[in-house]
Amino acid sequence: MSDICAGPGPASLRVHRAEARGVELAYFREGAGGYPLLLLHGWPETKRIWWRNIVPLAAAGFDVLAPDLRGFGDSALAPGGEYDAVTHARDVEALAREVLGHDGCAVCAGDLGGVVAQDLSLRFEGFIERLVLFNTIAPMLPGSPSPLSPEVRMAGDYFKRQSREADGLAAELDTAAKRRGYVAQMYGPRYWAAPGTFDPESVYFMTEPFADADSFRASIANYEYYGGPRTAAEPPRLIERNPTPTLILYGPEDHVIPRDYPSRMEAVFPERVGPFTIPGAGHFLQ
């Protein structure tokens, strides 16, 4: 089952759908037959965040798979309401390996997708051959300092609301316009991205999937596992060193990722290239 998604610019991409672990996942796929590359989005993102990257990567020889995580975008809601990082990792592994037949792949990811990617690489030994990580949650090794700098704490009110007051926030955002306006702040005045990164047409395109009330509520549910009311059956593997060969990138124009992110990542990934800082880039390094 598939349809066409047309966004900013001339490109259109086909949306594919497949069931993985009892949930229908939607995904873009271009370049079948190339080297498998998973692109994993974070929040407030969907597979659309990779819009400018998919066709060039396919042209470069990659079999590009960019899914919507369960509850996001065009993917279905979780029947049992599970939206934790390990559940996402298991979904993606099943989609890539069992549905599409990949025995191994590389992953590029940031934000929540980076947490999912790190868990994937450790939980399914040998399946993830390379990682590219940017502006995500750095693993917390024993004895690490607090992950939240004063700057991040000042910008982190969204995190408190989405982790501890998600139902109240969803009730306040009781129209499609309010939900999209809330998400649009992350692409603009909250300075997750460098100023001017997203023009109005792009913001409209990126926020459209969050207009639906159920999809918006599902998208913020992942925060409730971090200081909120939800408990995951399995914690993500974020307290250990990761031997996977990893390219580490960092967009410094980001008000939600601590500025010591590069040094934290250096401590965790011994087989690394970088970290490389990308001047002028922010949270949405895509």
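Filtering segment 29-66 to residues that are crowded, with 23+ Cβ neighbours inside 10 Å and in a loop (DSSP other than H, G, I, E, B) leaves HIS41, GLY42, PRO44, GLU45, THR46.
State whether the residues of segment 196-209 include one that is over 19 Å from LEU112 (Cα atoms) and aliphatic (A, V, I, L, M). Yes: one or more hits. Among residues of segment 201-217 that are in contact (Cβ under 8 Å) with a residue 24 or more places away in the chain, those with a beta-carbon under 9 Å from a residue that is acidic (Asp, Glu) and part of a helix (DSSP H, G or I) at least six positions away or on a different chain give the pairs ARG217/ASP167.
A search for C-beta distances below 7 Å between a residue of segment 161-181 that is closer than 12 Å to PHE210 by Cα and any residue that is of a type in the set (Lys, Arg) and surrounded by 14 or more Cβ atoms within 10 Å (Cβ to Cβ), counting only pairs 6+ apart in sequence or on different chains, returns ALA170/ARG217; LEU173/ARG179. Pull out all pairs, ordered by first then second residue, where Cβ-Cβ is under 6 Å, the residues are six or more apart or on different chains, the first lies in segment 257-286 and is surrounded by 13 or more Cβ atoms within 10 Å (Cβ to Cβ), and the second is among the basic types (Lys, Arg). Pairs that qualify, where the first residue is surrounded by 13 or more Cβ atoms within 10 Å (Cβ to Cβ) and the partner is among the basic types (Lys, Arg), are VAL268/ARG241. Out of all the residues in segment 9-19, is one or more touching a residue at least 60 places away in the same chain (Cβ under 8 Å), among the hydrophobic types (A, V, I, L, M, F, W, C), crowded, with 20+ Cβ neighbours inside 10 Å and farther than 19 Å from GLY104 by Cβ? Checked against the condition, which is being touching a residue at least 60 places away in the same chain (Cβ under 8 Å), among the hydrophobic types (A, V, I, L, M, F, W, C), crowded, with 20+ Cβ neighbours inside 10 Å and farther than 19 Å from GLY104 by Cβ, segment 9-19 yields no hits at all.
The numbered conditions (1) within 21 Å of GLU129 (Cβ to Cβ); (2) among the aliphatic types (A, V, I, L, M); (3) outside any helix (DSSP H, G or I) are all true for ALA26 except (1). Suppose we filter segment 172-219 for residues that are more than 18 Å from ASP74 (Cβ to Cβ) and not hydroxyl-bearing (Ser, Thr, Tyr); how many remain? Going through segment 172-219 one residue at a time, the tally reaches 22.
Does ARG237 count as touching a residue at least 24 places away in the same chain (Cβ under 8 Å) and within 18 Å of the chain's Cα centre (by Cα)? Yes.
Only one entry of THR87, THR136, THR175 meets the criterion of being modelled with pLDDT of 95 or more, β-branched (Val, Ile, Thr) and surrounded by fewer than 17 Cβ atoms within 10 Å (Cβ to Cβ), and that entry is THR175.
Inspect segment 82-92 for any residue being under 18 Å from PHE216 (Cα atoms), outside any helix (DSSP H, G or I) and touching a Gly at 6+ places or on another chain (Cβ under 6 Å) and give the result as yes or no. The answer is yes, given that some residue of segment 82-92 is under 18 Å from PHE216 (Cα atoms), outside any helix (DSSP H, G or I) and touching a Gly at 6+ places or on another chain (Cβ under 6 Å).
Per-residue answers, yes or no, for (1) surrounded by fewer than 14 Cβ atoms within 10 Å (Cβ to Cβ); (2) under 19 Å from the mean Cα position of the chain (by Cα); (3) within 23 Å of LYS178 (Cα to Cα):
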site	(1), (2), (3)
THR197	no, yes, yes
PRO200	yes, no, yes
PHE205	no, yes, yes
GLU208	no, yes, yes
GLU224	no, yes, yes
THR231	yes, no, no
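Taken over segment 104-121, the residue count meeting the criterion of being over 21 Å from TYR223 (Cα atoms) and either free of Cβ contacts under 8 Å to residues at least 24 places away in the same chain or touching a helix residue (DSSP H, G or I) at 6+ places or on another chain (Cβ under 7 Å) (or both) is 2.
Every condition in (1) more than 19 Å from LEU122 (Cα to Cα); (2) in contact with a helix residue (DSSP H, G or I) (Cβ under 9 Å, 6 or more places away or on another chain) holds for ARG90 except the one numbered (1). All conditions but one from (1) part of a loop (DSSP other than H, G, I, E, B); (2) in contact with a Gly (Cβ under 9 Å, 6 or more places away or on another chain); (3) of a type in the set (Asp, Glu) apply to GLU125; the one that does not is (2).
The values are calculated or read from the model by the stated rules, or taken from the named source; none is laboratory data. Given the structure is predicted, the values throughout are model-derived calculations rather than measurements. Quick reminder, even Gly has a Cβ in these numbers, built from the backbone with ideal geometry, and neighbours come from all protein chains shown.
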